[in-house]
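Structure record follows, encoded as structure tokens.
The values are calculated or read from the model by the stated rules, or taken from the named source; none is laboratory data. All values reported here derive from a predicted model rather than from experimental measurement. Note that we place each Cβ from the backbone using ideal geometry, even for glycine, and neighbour counts take in every protein chain shown. The area values use the complete protein model at the heavy-atom level, side chains included, leaving out ligands, DNA and RNA. Shrake-Rupley method; radii C 1.70, N 1.55, O 1.52, S 1.80 Å.
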Amino acid sequence: MRIFWYAPDKVFTAFKDPKDNPSFRLRCLYNHQKLIENGHFSKIVSNVNEIIYPDVVVFMSFGEEELALAKYVKSIGKHLVHDYSENIRGIPVLEETKKLCDYLACCSTALASIESINYGKKAIIIKDPYEDFPIKKNDNFSNTPLKVVWSGMGGNAPLVENVLKPIINSVGMEYIEISNRPNSTIPWKLSSWFVDMASCDICVCPQDHWNYPCKSNTKVTTAMALGLPVLASPLRSYQETITSGINGFICHSLEDWRDNLVQLKSENLRKRVSLEAFKTLEKYSIDNIYKKWEDVFRSLT
């Protein structure tokens, strides 16, 4: 089978390198690499002219070019999958493209549930894999004071800085921000962000889930993979990953954030939670997530 991932340059205008975009790495690059590793033809392209004799085209974006390409692919009897990781709808060109697609591969249960209202069984769930890092938290070393880290591209930074940072400081811990914001504690760099995270002790994953209920599991599985106990908002993806008090903590209120941080002053608890978290990551491994993509492609070819 011949798989083409259409990822035009316009998708990555906010990034110097597409690999800096977590969604590109997790939902395109790693699966592309696994396809090649397993003997399939796979190519990531940014120009429609590079798509030659496709069996399946995977869209990583939407627009007039994508719609024109979708119409062409269907006209030659081939197949389309729209990789879908943002809760965007109601845009005519996007909805027209979705109608032509065989599947909408949604990053979360919540997103697939919403898409299934209009697109039924076309909306399938393929979650984000976790990244297999060459480093994890060194259990033989703890910071004094304990370091609580948030890492991201800046979107949720005001929420953490204005709401959680004061709580973190009030319990005697140090707040660390790894992001692309000018006032971050540590600038985000592809080569070192995970090393910087692993040097901390606890990870917080807040999310304004009331506005953005469809986000993926990536934030919490990243923390788990790095060996950090994680505190998270009650986003559905997070609750599907975390059994609160066992492999992490779901925080429904400001008191929950404070109380769980205080609990995690215990080194033994931090180690126990991190160990349980790592045990639960298998279903999010790239091998298992890739199999879901491969099964979809096989069903179409």
_Computed Rg/Rh of segment 182-282, alpha carbon atoms with Kirkwood Rh_ = 0.96
*Angle, helix 254-263 long axis vs. longest principal axis of the chain, Cα atoms, 0 to 90°, nearest 10?*
60
*What's the Cα-based Rg to Rh of the chain, Rh via Kirkwood?*
0.99
*FRET E, pair residue 68, residue 301, Förster distance 25 Å, beta-carbon r, rounded to 0.05*: 0.65
_Per residue, how much accessible surface does segment 203-301 expose to a 1.4 Å probe? Answer in Å², no decimals._
43
_Reach of residue 99 by Cα under 17 Å, taken over lysines that are not fewer than 8 positions away in the same chain_ = 71, 74, 78, 121, 122
*Would you kindly state how much longer the chain becomes between residue 263 and residue 170 on full extension, computed as 0.36 nm times their sequence separation minus their alpha carbon distance, in nm to one decimal?*
32.1 nm
*What is the helix-to-structure angle for 64-75, meaning the angle in degrees between its Cα long axis and the longest Cα principal axis of the chain, kept from 0 to 90 and rounded to the nearest 10?*
50
*Which of the chymotrypsin sites (Phe, Trp or Tyr not before Pro) found in segment 92-191 are in a DSSP loop and have at most 14 neighbouring Cβ atoms, other than their own, within 10 Å?*
141
*Can you give the accessible area per residue of segment 36-143, in Å², using a 1.4 Å probe?*
50
*Treating cross-link reach as a plain straight distance, find the lysines whose alpha-carbon is under 21 Å from the alpha-carbon of residue 265, omitting any fewer than eight places away in the same chain.*
136, 137, 147, 165
*What length, rounded to one decimal in nm, is gained on full extension from residue 252 through to residue 144, with 0.36 nm per residue of separation minus their alpha-carbon distance?*
36.1 nm
*Taking 7 Å along the Cα-to-C-beta vector as the label spot, tell me the residue 49-residue 118 distance in nanometres, rounded to one decimal.*
3.3
*Only Cα pairs under 8 Å and at least 6 apart count here; give the relative contact order of segment 88-239 as a rounded whole percent.*
26
_Whole-percent carbon and sulfur share, accessible surface of the chain, 1.4 Å_ = 52
*Expressed in nm to one decimal, what extension gain is obtained for the pair residue 208 and residue 195 from 0.36 nm per residue of sequence separation less their Cα-Cα distance?*
2.0 nm
*Report P(r) for segment 57-199: all Cα-Cα distances, bin width 10 Å, range 0 to the bin holding the largest distance, values in whole percent.*
10, 27, 23, 22, 14, 4, 0
_How tilted is helix 286-300 with respect to the longest principal axis of the chain? Cα atoms for both, answer in degrees (0 to 90, nearest 10)._
20
